[in-house]
Amino acid sequence: MTVVNDRPTSFWLRLLKQRRARMYDEHLDLSAPIEWKDPEEQEAAIRFFNAAFRAEESGLRQAHEIADDVAKWDPELAETLTLYGDEEGWHRELLTKFMTYIGGDIRPMGPTTGTFYKLYAKAERHETIILTNLMFETIGATTYRLALRTAKSHPAIRQMLTILTRDESFHVPLNVHFLRRILERAEPNALHRLRPLYHLLTAALMASAAASRRRAKPFDHIPFKTLARAYAEHLGRLFMHAEDFGLAPSRLLLATVGLRRSDLLGEDDVLSVQAAERAADRTQVVVSAL
Ligand SMILES: [Fe+2]
Ligand SMILES: [Fe+2]
């Protein structure tokens, strides 16, 4: 299998340092005002980017907390986690500016999202946190990629979505690396214990597509079926290609969106290390690969 290859931590650290060198020079061009079709479209956009903001905030905090613990046994991996968290911090800054630009603000989380993030924040085992994070990154990359095709077309919106798609796509194989390294140090049955969580999260994230459609569809125009199927496909592909985790997607769940395991075996550019290397070069945007 050529996808999600195992590369040394030094490889990821080098890419993150390259990315950091360019990161803060990249700015959003928010000069052209957005004309909304109606208030509903604007409200949906504010909700869409609020969800993105919460994901960034959570990724940033978890990465830095784990980095502190990991520093005791693998300083190089800890530095990699820190730089990864910094990228999420940078996204959070961009989204904060972007939110003001679209006439919104950072809002308190709703009850469902709030409960979910509270539970996630309480997770203690590193492998649980990284697996959850990896799955969030995967659905983030998937949602942004789809939204780039169908969301309201405006240069600033495209730029924001392009940055997020490019970077979250890079974060997926990076988190696969984190999970592998963390599992090497974990208790022998750790991987076994992750299995129910993987299945539960896959189902919960697919169900979350329904809730997000109620809130964000007037902005991103992604139909529920398309989003739920894309989540199942990419969350499944990820682990079909990283066979060492033994986390194959449920046949039953795939069938609910008309997919079979064999559909997930082909090359997946979103998750490959090659795609990650391309994403390390911030001058190459992912839009051309769509
Ligand atoms: Fe991010
Ligand atoms: Fe990310």
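Where a number appears in this text, it was derived from the coordinates with a stated rule and is not lab data. Here the structure is a predicted model, which means the values were calculated and not measured. Note: ideal-geometry Cβ built from the backbone for every residue, glycine included; neighbour counts use all protein chains shown.
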Semi-axes in Å, largest first, for segment 146-188 (Cα gyration tensor, √(5λ)) are 35, 8, 5
Going fewest to most other Cβ atoms within 10 Å around each Cβ, T150, T142, T113, T132 line up as T150, T113, T132, T142
Across N189, N175, N133, the residue with the highest GNM fluctuation in the chain (Cα network, 10 Å cutoff) is N189
HN-Hα couplings for segment 180-188 via Karplus (6.51, -1.76, 1.60; θ = phi - 60°), in whole Hz with x for Gly/Pro, come out as 4, 5, 5, 5, 4, 9, 7, 4, x
Quick shape summary for segment 166-260, equivalent ellipsoid via Cα gyration tensor, semi-axes whole Å in descending order, reads 27, 16, 12
Quick calc: nm separation of the 7 Å Cα→Cβ label points for A248 and E26 -> 3.7 nm
The answer for trypsin sites (Lys or Arg not before Pro) in segment 45-101 that fall in a DSSP coil and have at most 11 neighbouring Cβ atoms within 10 Å is K72
Expected sort for 202-209, 246-253 on mean C-beta neighbours within 10 Å, highest first, is 202-209, 246-253
Over the chain, the sum of -39500 (n - 2.57) across DSSP H runs of at least four, divided by residue number and rounded to 500 deg cm²/dmol, gives at 222 nm -24500 deg cm²/dmol
Taking a ≥ b ≥ c as the square roots of the eigenvalues of the Cα gyration tensor, with a/c under 1.5 meaning rounded and otherwise prolate when a/b exceeds b/c and oblate if not, segment 60-158 is prolate
By the mean-Cβ-within-10 Å protection proxy, highest first, 40-46, 220-226 rank as 40-46, 220-226
If N is the residue count of the chain, its Cα Rg over 2.2 N^0.38 Å rounds to 0.95
Fewest-first ordering of V176, V257 by Cβ atoms within 10 Å yields V257, V176
Of the listed pairs K118/K225; K17/K97; K17/K225; K97/K217; K72/K97, those with alpha carbons more than 32 Å apart are K17/K225; K72/K97
From fewest to most C-beta neighbours within 10 Å, the residues K122, K152 line up as K122, K152
